[in-house]
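*Asks:* Handing you this structure, nothing more for now.
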Amino acid sequence: MTSLARVPGKQFAKTEDTPPPAMYWPTMPVSPDLARIAENDPAIRVSRVELRRPDTTLPAYTAAPRNAGPRTPGVVLVLHIWGVDEPVREAARRFAAAGFAAIAPELFVRSGAPDGDGQTDYTIFRPHAEKLRKDRVDGDLRAAALWLKNAHPQGKIAVAGFCMGGMIALRQAIDNADVFDADVVWYGKVAGFDPTAIRMPLVGHFGERDTGIPADEVRAFRKALRGPHDILIYPTAGHAFFDHTRPSYVAPAAADSWRRTIAFLTKYLRA
């Protein structure tokens with residue numbers, strides 16, 4: 001599956017990353033900004049739960065459609081460097097508003113990381129990120145997926161993440177391929193992953209101006225993928241373009257990436 005640019009109007013310049021017009025998905029209106037979704041939004045239910053793990057109890061933030069049922073699809077959200085802060089919690093609520101149950105486990109609980117809300121210095125979280133053990137994280141995300149499966153036994157489940165969480169989410173396409181049905185990556189590093197080993201449907205969002213994840217590296221990764229995928233590199237965006245609390249936020253790219261994500265998950269989780 002080739003990269004599909006769903007670009008209404010003239011928000012993004014046409015580049016080599018953009019397919020011929022005949023390959024565009026049908027144009028849908030995109031807001032110049034993503035509407036905020038509050039915890040008291042009447043269409044959703046928000047809760048905080050605990051996941052029992054062999055060595056600890058893992059707090060998790062959850063959001064689901066108010067009318068969720070056994071067939072409601074789910075999304076496990078992987079934290080970014082700031083932990084399960086308000087942008088991650090709002091992403092969970094935004095998934096709920098779009099018809100998906102979401103859970104975001106606090107993977108930093110074992111190292112006692114500070115609250116990420118309002119933080120501007122990511123370096124204070126680096127030691128906590130470095131303490132994340134691959135086997136524990138994979139197990140934690142598996143536990144979160146099973147929590148969703150218990151709540152919605154007939155619903156398919158995706159994993160999604162931003163930045164560091166995007167890289168961890170991408171790893172789940174290999175490590176937890178038996179649990180997840182689709183994968184969503186916002187600017188997670190692709191270096192070190194064998195794209196031919198990823199068979200899970202994958203939608204990815206990257207920025208041409210991201211100095212930490214070279215666009216050519218993403219293009220090479222995309223070219224080698226064998227499973228269903230939709231990987232797009234936004235010419236006007238850099239890293240963390242989805243996070244509206246940071247100067248890096250690029251509203252058109254964020255809105256388009258969200259629309260592409262919901263279209264992709266609707267196709268692969270609701271089929």
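*Asks:* Kindly list the number of the only condition in (1) in a loop (DSSP other than H, G, I, E, B); (2) surrounded by fewer than 24 Cβ atoms within 10 Å (Cβ to Cβ) that fails for GLY188.
*Replies:* GLY188 satisfies every listed condition except (2).
*Asks:* When the residues of the stretch 216-271 are filtered to those that are open to solvent by 30 Å² or more (accessible area, probe 1.4 Å) and acidic (Asp, Glu), which remaining residue is nearest to GLY83 (Cα to Cα)?
*Replies:* If we take residues in the stretch 216-271 being open to solvent by 30 Å² or more (accessible area, probe 1.4 Å) and acidic (Asp, Glu), then GLU217 is nearest to GLY83 (Cα to Cα).
*Asks:* Among what's in the stretch 116-130 and is open to solvent by 90 Å² or more (accessible area, probe 1.4 Å) and without any contact (Cβ under 8 Å) to a residue 12 or more places away in the chain, pick the residue that is farthest from ILE168 (Cα to Cα).
*Replies:* Here is the first cut: in the stretch 116-130, the ones open to solvent by 90 Å² or more (accessible area, probe 1.4 Å) are 120, 122, 126, 130.
Those still in the list that are without any contact (Cβ under 8 Å) to a residue 12 or more places away in the chain too: 120, 130.
Values: THR120: 22, GLU130: 13 Å.
Looking at the filtered set, the residue picked out is THR120.
*Asks:* Right, ALA113: free of Cβ contacts under 8 Å to residues at least 40 places away in the same chain and more than 15 Å from the chain's Cα centre (by Cα) or not?
*Replies:* The answer is yes for ALA113.
*Asks:* Taking the stretch 223-255, which residues are touching a Leu at 6+ places or on another chain (Cβ under 9 Å), assigned to a loop (DSSP other than H, G, I, E, B) and either of a type in the set (Val, Ile, Thr) or at pLDDT below 95 (or both)?
*Replies:* If the condition is that a residue be touching a Leu at 6+ places or on another chain (Cβ under 9 Å), assigned to a loop (DSSP other than H, G, I, E, B) and either of a type in the set (Val, Ile, Thr) or at pLDDT below 95 (or both), then HIS244 is the only one that fits.
*Asks:* Going residue by residue through the stretch 84-100, is there one that turns out to be without any contact (Cβ under 8 Å) to a residue 24 or more places away in the chain and open to solvent by 50 Å² or more (accessible area, probe 1.4 Å)? Explain how you work it out, then say what you get.
*Replies:* At the first step, the residues of the stretch 84-100 found to be without any contact (Cβ under 8 Å) to a residue 24 or more places away in the chain are none.
No, the stretch 84-100 has no match at all.
*Asks:* Looking at (1) among the hydrophobic types (A, V, I, L, M, F, W, C); (2) touching a residue at least 40 places away in the same chain (Cβ under 8 Å); (3) open to solvent by 40 Å² or more (accessible area, probe 1.4 Å), find the lone condition where LEU146 falls short.
*Replies:* (2)
*Asks:* Moving on to the next point. State all residues of the stretch 164-185 that are closer than 21 Å to LEU132 by Cβ, assigned to a loop (DSSP other than H, G, I, E, B) and open to solvent by 10 Å² or more (accessible area, probe 1.4 Å); if no residue qualifies, say none.
*Replies:* Residues of the stretch 164-185 closer than 21 Å to LEU132 by Cβ: 164-177, 179-180, 183-185.
Pick out the ones that are also assigned to a loop (DSSP other than H, G, I, E, B) and you get 176-177, 179-180.
Residues satisfying the conditions are ALA177, VAL179.
*Asks:* Let me ask something else about it. Going through the stretch 82-136 one residue at a time, which ones are assigned to a loop (DSSP other than H, G, I, E, B) and within 23 Å of ASP41 (Cβ to Cβ)? Spell out the reasoning first.
*Replies:* We begin by selecting, within the stretch 82-136, every residue assigned to a loop (DSSP other than H, G, I, E, B); these are 82, 84-85, 98-100, 106-108, 112-121, 131-133.
Selection gives TRP82, VAL84, ASP85, ALA98, GLY99, PHE100, GLU106, ASP115, GLY116, ASP117, GLY118.
*Asks:* Looking at GLY139, GLY161, which is the one that is modelled with pLDDT of 95 or more and part of a strand (DSSP E or B)?
*Replies:* Working: GLY139 fails: part of a strand (DSSP E or B).
After applying the criteria, what remains is GLY161.
*Asks:* Given the options ARG52, ARG133, ARG45, name the one that is of a type in the set (D, E, K, R), in contact with a strand residue (DSSP E or B) (Cβ under 6 Å, 6 or more places away or on another chain) and surrounded by fewer than 19 Cβ atoms within 10 Å (Cβ to Cβ). Write out each step before concluding.
*Replies:* On the way: ARG52 fails: in contact with a strand residue (DSSP E or B) (Cβ under 6 Å, 6 or more places away or on another chain); ARG133 fails: in contact with a strand residue (DSSP E or B) (Cβ under 6 Å, 6 or more places away or on another chain).
That would be ARG45, the only listed residue that is of a type in the set (D, E, K, R), in contact with a strand residue (DSSP E or B) (Cβ under 6 Å, 6 or more places away or on another chain) and surrounded by fewer than 19 Cβ atoms within 10 Å (Cβ to Cβ).
*Asks:* Quick one: would you say THR196 is touching a residue at least 24 places away in the same chain (Cβ under 8 Å), closer than 26 Å to GLY116 by Cβ, among the polar types (S, T, N, Q) and surrounded by fewer than 17 Cβ atoms within 10 Å (Cβ to Cβ)?
*Replies:* Values: touching a residue at least 24 places away in the same chain (Cβ under 8 Å): yes; closer than 26 Å to GLY116 by Cβ: no; among the polar types (S, T, N, Q): yes; surrounded by fewer than 17 Cβ atoms within 10 Å (Cβ to Cβ): yes.
Against the criterion (touching a residue at least 24 places away in the same chain (Cβ under 8 Å), closer than 26 Å to GLY116 by Cβ, among the polar types (S, T, N, Q) and surrounded by fewer than 17 Cβ atoms within 10 Å (Cβ to Cβ)), THR196 does not qualify.
The values are calculated or read from the model by the stated rules, or taken from the named source; none is laboratory data. Being a predicted model, the structure only gives us computed values, none of them experimental. Reconstructed Cβ throughout: ideal geometry from the backbone, glycine too, with neighbour counts over all protein chains shown. These area figures cover heavy atoms from the full protein model, side chains too; ligands, DNA and RNA do not enter into them. Shrake-Rupley method; radii C 1.70, N 1.55, O 1.52, S 1.80 Å.
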